[in-house]
Amino acid sequence: MKNKFRLIGTLALASFLIVTCTRTARTPGQASANQQVLPESGFATPRTVDDNPSPAPLTPEQSLRSFRLPRGYHLELVASEPMVTEPVAIAWDGNARMYVAQMETYMQDVEGTDEHEPRSRIMLLEDTNGDGKMDKSSVFIDKLMLPRMLLCVGHELLVNETDTYDMYAYKDTNGDGVADQKRHVYKVGRKAPGNMEHQRSGLDWNLDNWIYVTVDPVRFRYKNGMIQADSLIGGNIGQWGLAHDNYGRLFFSQGGGENAGIGFQINPAYGQLNFRDAYDEETFSPVWPIIKTPDVQGGVKRLRADTTLNHFTAGNGQSIFRGDRLPKTLVGDYLISEPVARIIRRARVVDKAGKTTLENVYEQEEFIASSDMNFRVVNTYTGPDGCLYLVDMNRGIIQEATWTGKDSYLRPQIQRLGLDNNKQRGRIYRLVYDGLKPGPKPHMLDESPAQLVKYLDHANGWWRDNAQKELVIRADKSVVPALRQMALGQKGTLDKVPSPLGQLHALWTLEGLEALDKELLLTLMQSPDAQLRKAAIWNSEPFIKKNDPEVLTKLATLKNDPSYDVLTQLLLSLGYSKAPQTKAIVDEVLAKNPANEMLAGVQGTLVKNESIRTYGARLGALDAASRKMVLDGATTFKSLCATCHGPDGKGTPTNLAPVLSGNFRRLTGKKDEEIKILLHGLTGPVDGKTYPDMMPPMGANSDEWIASVLSYIRYDLANAGNGIPRVSPQFLERVLVTPADVKRVRAQTNGRTSAWTWEELDKVEKQ
C-alpha cells in the first residue's frame, strides 16, 4: 500500500513538473528566477450552481464567503463602502497611495436618471499600518463627470472624464489629501460621442513609453508635463479595459462584440491584425458561473438550461498578471472579468509560431467565481505588493440605460429581482496565496534617480513599470551611463547582473530619455534573448526611416532568426523604409516562411496601411475587391442618386428624398429590404414623412450595379461620422451587399411590378 501511495505521489509530482516546464516554455522570461514556484492543485470540490441566489446585497464579510477559487488562493478585502462607492478604476502613485475613480451617478435607476450630473469623485486611499487594508481616505477630487481614466505621473494624477477628450493634471501641494492644483494637459475642446460603454478607457503607459487608450485612433506621449497625441493609421479597438505584458504587447477586449480578447497580435501603431482562431470559440467563449444569471442583455439565447450565462457578453477590465507574490505559474496569464457571469477568467497566453493565442487554464471552470449576485468586477491590476487586485462595483445593474429600455429583455429581470435598488457600494479586493507574503510598500517618489534604476530589474512588473515611468518623467540624464550598462547586461552599479527583463526596461528608459545610441542597438540585435533582439529592432526605427546603411545591413543578418517574434518585428519595422535593401530583406523572410500565418498577416496589414494612406481610413480598410465595388457605387451615386439625396447623402434643401448619411443603424440592418427598393422602387411616406416623388425602380441594371450602389451607401455614407469602421469579416458580411445577395432577392421577388411601400417592407421584415 505504501508503494502504491508513493507511486501516485511520484506521478502527481511528475505531472506538475511537466505542466510547469511546458508553461515556462510558452512564456519565457515572464517571471523572475527568484519567484517561488508552488504547485496549484485545482479546486477542492466540483463546481455546482446555486439555482436560487439571493439578489440582496451582502456585507463585505458575506461576500468573502461567496467566492470559489482554486486551492491556496484567497481574496482579502482592501476597501469597501462607505470608504469607496461605485469604484471603476484605480491607480497607485510611486509611494503606493491608491487613487480610486468612482462613477457615482452611473445607473442609479433603470432609466439612468441624472447619470451625467457632475457628482462623481476620485478618492485617495492609504494603508498606514502595512496590513494591506486601507485605513485612511480623503476626497481627492470632487464634482466630476463620471471619471473613467487615471494615470499617476510623479506627484500628479492625470484624469479624463466621460463625454470629453480633455485631460487635466491634479496635485495636492499641502499634503492634506485633497487636490488643490489643476492644469490642462490635453485639450480638444469638443464633446466625446458615444454612450457610457462606447467611450475610451485605458491611459496605459506601455513599455514603449506611449500611453494607450481604447476606441479612438490615437495614442499619447507625456513630455514636458503635457500630453501629445499621435494618430494610429489603422484605427483603434477595444472598449472597457486595456493591459500590457512584460514585452509591451497590448491586450484589448470588446464587450459589446462578446469578444474576450482582441488586438494582441501587433502594436496598433502598425495597424490592425486579428485572427478568428486567436482563441477557440467552442472552449474559450463559454463561461461557467456558479449561480443562475437571469439578468443578461442577450435574453434567453444567452442562457443554458440551468439559467447560467453561456457565453462572454461583457468581458472587461483585463490584465496580464506580472507580480511576484502569487504562484509563478500565474505570471504572464491573461485575466478578464465577465461581470454578468460574476467570474474572472484566467487564460494562458500561448505563442504558436509567432501568433498569440489564448487558452482557458481550467476546463469548464473559472479562476474566480462568486455566488454574490452583486459581484461586478470592472477592472483588474497587478499591485505594488505583487498581488492581484479586483475592482468590484458591487451593484445590481451593470448595463447602461441603452440596454435597459422599457421593451428590453433585461428591464423586467432587473425589476423582478430588485437589482435596481442595489447601488452606492463597492469593494476592492486583493488575491493572496498560502505561504506567500505580499511585498513591501514602495517609496519611489522620495528616492533618487540612481535608486530608481535598480527597480528596473525588480521581480514585480509594477515596480519595473513605475520606476521606468518616473525616470522618464524626471528627465534626469545623469543615470544614462548606468542605464546603458544595465541594457547591455553588465552589473555596473547594480548588486547583480540584470535579468533580460531588467535589460529591456533599461533600454526603453533610455528611449524615453532620448538617450539611445546606434552602437547599443546594434549590440543588442545580437543578444541571446529574443525579446531583447525584438526590442532593439523596434528601437532602431528612427534609423530605418533614414535608411541608415549600417543599421539596415545589421537587420539583414536577422532574416533567419529562429524567433518568429523577431521576424514579425523585423517586417513591421522595415515597413518604415522604401529602400530596395529593406524590400529584399522582407521578400526573403516571407519566401523562407511561406506557410507562416503570422508573417503573412503582418505583410497583409502593411499593405492595407498603404491603402489607407492612398484611399483614406474608411476605404483603405477594405480589401481590393470590396474597395472597387464601393468606389464603383460612389461613382454611380454621385452621377445619378445625388440629385435627390444630395452629393454627400445629407439630402437637399427641398427635401426631395430621405437623408442617408450617418444613418448607420437604420440602413445597415435591412439589407434585403434595401435591395427590394432598388429593384422595384419605393412609394409613399418613409418613416411617416412624405416626399415629392417616388424612388424609381432600378431593376433593369445588373446585380453588380445594384450591389455596388448599396455597398457604397451602407458602408461609406451610412457610416459617416462614426470614425473608422470595424472591418472584421463578420462586420463586412453584414454591411456589404454582394451580387449574389441581389440575385437571391431578385429571384424571390420575380414578377413584382409595383413599387414597395415603407409599411409593406416593415411588415415583411417582421415576418
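The values are calculated or read from the model by the stated rules, or taken from the named source; none is laboratory data. Nothing here was measured: the structure is a model prediction, and the numbers come from that model. No Cβ is skipped: glycine too gets one built from the backbone with ideal geometry, and neighbour counts run over all protein chains shown.
Remarks
- Residue within region 492-505 that is surrounded by fewer than 16 Cβ atoms within 10 Å (Cβ to Cβ) and either on the phi > 0 side of the Ramachandran plot or small (Gly, Ala, Ser) (or both) present: no
- Verdict on Arg416 being within 25 Å of Val49 (Cα to Cα) and part of a helix (DSSP H, G or I): yes
- In region 213-230, the residues that are within 17 Å of the chain's Cα centre (by Cα), of a type outside the set (Lys, Arg) and under 18 Å from Gly271 (Cβ atoms): Val213, Thr214, Val215, Asp216, Pro217, Val218
- Of all residues in region 634-653 being surrounded by 17 or more Cβ atoms within 10 Å (Cβ to Cβ) and part of a helix (DSSP H, G or I), the one that is nearest to the chain's Cα centre (by Cα): Ala634
- Qualifying residues in region 609-623 (those that are in contact (Cβ under 8 Å) with a residue 12 or more places away in the chain and small (Gly, Ala, Ser)) - the one nearest to Lys352 (Cα to Cα): Ala621
- Members of region 163-189 found to be out of contact with any Asp or Glu (no Cβ under 9 Å at 6 or more places or on another chain) and farther than 24 Å from Pro384 by Cβ, listed by number: Asp163, Thr164, Asp166, Lys182
- The condition of being in the same structural domain as Val78 (by TED's automatic domain parsing) and out of contact with any helix residue (DSSP H, G or I) (no Cβ under 9 Å at 6 or more places or on another chain) does not hold for Arg427.
- Selection count, region 157-194, where residues are crowded, with 20+ Cβ neighbours inside 10 Å, within 20 Å of Arg219 (Cα to Cα) and either among the small types (Gly, Ala, Ser) or in contact with a helix residue (DSSP H, G or I) (Cβ under 9 Å, 6 or more places away or on another chain) (or both): 2
- When the strands (runs of 3 or more DSSP E) confined to region 356-400 are screened for residues that are of a type in the set (Ser, Thr, Tyr) and under 22 Å from Ser63 (Cβ atoms), those reaching at least 2 such residues are found at 377-382.
- The residue list Ile336, Ile343, Ile368 contains one member that is in contact with a Leu (Cβ under 6 Å, 6 or more places away or on another chain) and crowded, with 24+ Cβ neighbours inside 10 Å, which is Ile368.
- Matching option when the condition is in contact with a helix residue (DSSP H, G or I) (Cβ under 7 Å, 6 or more places away or on another chain) and either among the acidic types (Asp, Glu) or crowded, with 20+ Cβ neighbours inside 10 Å (or both), among Thr356, Thr382: Thr382
- Contact map, region 184-207: first residue farther than 22 Å from Ala401 by Cα, second residue aromatic (Phe, Trp, Tyr) and assigned to a loop (DSSP other than H, G, I, E, B), Cβ cut-off under 6 Å, separation 6 or more or different chains; pairs are Val188/Tyr165.
- When residues of region 65-122 are limited to those that are aromatic (Phe, Trp, Tyr) and closer than 25 Å to Trp462 by Cα, the one surrounded by the most Cβ atoms within 10 Å (Cβ to Cβ): Tyr99
- Residue in region 645-704 that is modelled with the highest pLDDT, counting only those that are within 15 Å of Asp762 (Cα to Cα) and of a type in the set (Ser, Thr, Tyr): Thr683
- Criterion applied to Asp420, Asp372, Asp407 was being assigned by TED's automatic domain parsing to the domain that holds Arg346 and closer than 21 Å to Arg346 by Cβ, and the one residue passing it is Asp372.
- Among the residues of region 606-633, those that are within 30 Å of Met694 (Cβ to Cβ) and surrounded by fewer than 18 Cβ atoms within 10 Å (Cβ to Cβ) comprise Leu631, Asp632.
- Restricting the search to strands (runs of 3 or more DSSP E) fully inside region 215-300 and requiring at least 3 residues that are of a type in the set (A, V, I, L, M) and at pLDDT 95 or above gives 226-231.
- For region 305-328, a residue qualifies if it is of a type in the set (Ser, Thr, Tyr) and either crowded, with 24+ Cβ neighbours inside 10 Å or assigned to a strand (DSSP E or B) (or both), and exactly one does: Ser319.
- Test: residue in region 331-339 that is of a type in the set (D, E, K, R), within 29 Å of Met598 (Cα to Cα) and assigned to a loop (DSSP other than H, G, I, E, B): yes
- Residue tally, condition in contact (Cβ under 8 Å) with a residue 40 or more places away in the chain and among the hydroxyl-bearing types (Ser, Thr, Tyr), over region 579-608: 1
- Those residues of region 537-576 which are more than 13 Å from Tyr247 (Cβ to Cβ), part of a helix (DSSP H, G or I) and aliphatic (A, V, I, L, M), in sequence order: Ile544, Val551, Leu552, Leu555, Ala556, Leu567, Leu570, Leu571, Leu572, Leu574
- Any hit, region 478-498, residues being within 24 Å of Leu326 (Cα to Cα) and touching a helix residue (DSSP H, G or I) at 6+ places or on another chain (Cβ under 8 Å): yes
- Qualifying residue in region 178-189 (condition: in a strand (DSSP E or B), touching a Lys or Arg at 6+ places or on another chain (Cβ under 6 Å) and polar (S, T, N, Q)): yes
- Selection from region 480-496 of residues that are of a type in the set (A, V, I, L, M), more than 32 Å from the chain's Cα centre (by Cα) and at pLDDT 95 or above: Val480, Ala482, Leu488
- Residue check, Gly238 surrounded by 22 or more Cβ atoms within 10 Å (Cβ to Cβ), under 12 Å from the mean Cα position of the chain (by Cα) and not aromatic (Phe, Trp, Tyr): yes
- In the condition set (1) surrounded by fewer than 17 Cβ atoms within 10 Å (Cβ to Cβ); (2) of a type outside the set (Gly, Ala, Ser); (3) farther than 19 Å from Ser319 by Cβ; (4) at pLDDT below 95, Thr59 is compliant with all but (4).
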